[in-house]
Amino acid sequence: MRELEERYLAYINEKIAEHDNLHKQYKADDRKDEANLEKIKINIYEIFKTLFINDIKQLQGKNLENIKDINMYGGYLLRFDTIPVNWKKSLSMAKEHGDIVKQVIEECKLAVANELKEKFLEMFNELGREIND
């Protein structure tokens, strides 16, 4: 159980560092739009990191021996549906009004959230198989 949490948080931290480096590079090159987009990505990673840590704290004290039970992470997984709701609405409105900048921002936020969900599920499945082997 701890291995999943540690690996997932390490992944998020790596992505934050990666995008922070890009942000700094773009900023130094006076590429403001790209720098801002990298900062948005960092913010989304940090949001989901904070939520994950908070959800893990709520699981403390519970019997977490059965790593195959994805339902124990149900609250965290639901966040991938609830948090992006407003981003999807904003994306739809941006498309409707031809606001390309807003569209790119919302698509970026949704892509990061989707990436994190996929990575979490991938790691969960990998660890589940390792434990049962």
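Structure notes:
- Answer from Asp29, Asp33 - the residue that is closer than 20 Å to Trp87 by Cα and of a type in the set (Asp, Glu): Asp33
Condition check ((1) at pLDDT 95 or above; (2) in contact with a strand residue (DSSP E or B) (Cβ under 8 Å, 6 or more places away or on another chain); (3) farther than 21 Å from Asn13 by Cα) across all residues:
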residue	(1), (2), (3)
Asp30	yes, no, yes
Asn36	yes, no, no
Lys49	yes, no, no
Leu59	no, no, yes
Asn63	no, no, yes
Gly74	no, no, yes
Arg79	no, no, no
Gln103	yes, no, yes
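- Members of region 1-32 that are over 24 Å from Met123 (Cβ atoms) and either open to solvent by less than 40 Å² (accessible area, probe 1.4 Å) or of a type in the set (S, T, N, Q) (or both): His23, Gln25
The values are calculated or read from the model by the stated rules, or taken from the named source; none is laboratory data. From a predicted model like this one, the values you see are computed outputs, not experimental measurements. Positions of Cβ are backbone-derived with ideal geometry, glycine not excepted, and every protein chain shown enters the neighbour counts. Keep in mind that these areas ignore ligands, DNA and RNA; they rest on the heavy atoms of the full protein, side chains included. Shrake-Rupley method; radii C 1.70, N 1.55, O 1.52, S 1.80 Å.
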